[in-house]
Amino acid sequence: MSEISSIARPYAQAVFELARDSGDYARWSEVLHALAEIATQPQVSTLFSHPRVAREEIATILIDSCGELLDDVGRNLVRLLARNRRLDALSAVAEQYELLRADAERTVQAHLESALAVPDEHRQRITQALEKRLGRRVELTVSTDESLIGGAVIRAGDLVIDDSVRARLEKLAAAVGA
């Protein structure tokens, strides 16, 4: 996996620089997300290593699948990735681009996983607390997971706050078993 990340990094950086220069981070997010989605489809991804399918043909398939979403620069990116046999790294390129974008826009994606539904008021307070702690704008998504038993787990970048009953029970079991 780290090899794919290493392969994807210069492409993500180049796309990020294009987006920064044009001031249109959102459009490139949409383009990369669409390309990654298409590239991960089994009927497309199997073509990447097929010996009888020309790289130009694969590029054309991706370009045609995106339609009007791709401008000349986007089409050139697809052709470059195909020529260099890097289409399988499209998902990693999209992920790394999003990290660069979030850093530039001073945002962080955070996820709150709770045993119970979280009222809007609590979501707002958690978002504000995370923004204060991280010094960035926080985009919070919320989901429920009954296996937590109670409490919640918050993930924001490298930060993980696990205040779930399940985690407390696991710590207790480890302490008793030690």
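Any read-out appearing in this document is the output of simple, stated calculations on the displayed coordinates, not a laboratory observation. None of the values given here were measured: they were computed from a predicted structure. No Cβ is skipped: glycine too gets one built from the backbone with ideal geometry, and neighbour counts run over all protein chains shown.
The set of residues in region 8-27 that are under 16 Å from the mean Cα position of the chain (by Cα) and surrounded by 12 or more Cβ atoms within 10 Å (Cβ to Cβ) comprises ALA8, ARG9, TYR11, ALA12, GLN13, VAL15, PHE16, TYR25, ARG27. Within region 54-76, restricting attention to residues that are free of Cβ contacts under 8 Å to residues at least 12 places away in the same chain and of a type outside the set (D, E, K, R), the residue that is surrounded by the most Cβ atoms within 10 Å (Cβ to Cβ) is THR60. Would you confirm whether or not region 127-138 contains a residue that is out of contact with any Cys (no Cβ under 9 Å at 6 or more places or on another chain), part of a loop (DSSP other than H, G, I, E, B) and closer than 21 Å to ARG9 by Cα? No; the residues of region 127-138 include none that is out of contact with any Cys (no Cβ under 9 Å at 6 or more places or on another chain), part of a loop (DSSP other than H, G, I, E, B) and closer than 21 Å to ARG9 by Cα. Filtered by the rule that a residue be among the charged types (D, E, K, R) and either surrounded by fewer than 18 Cβ atoms within 10 Å (Cβ to Cβ) or within 9 Å of TYR11 (Cα to Cα) (or both), region 77-94 gives ARG79, ARG83, ARG85, ASP88.
Within region 142-156, the set of residues being surrounded by 13 or more Cβ atoms within 10 Å (Cβ to Cβ) and not charged (D, E, K, R) comprises VAL142, THR144, LEU148, ILE149, GLY150, GLY151, ALA152, VAL153, ILE154, ALA156. Checking every residue in region 11-29 against the condition of being in contact with a Gly (Cβ under 7 Å, 6 or more places away or on another chain) and within 20 Å of GLU98 (Cβ to Cβ) gives zero matches. If you check ARG137 against the conditions, is it closer than 30 Å to PHE16 by Cβ and of a type in the set (Lys, Arg)? Criteria met by ARG137.
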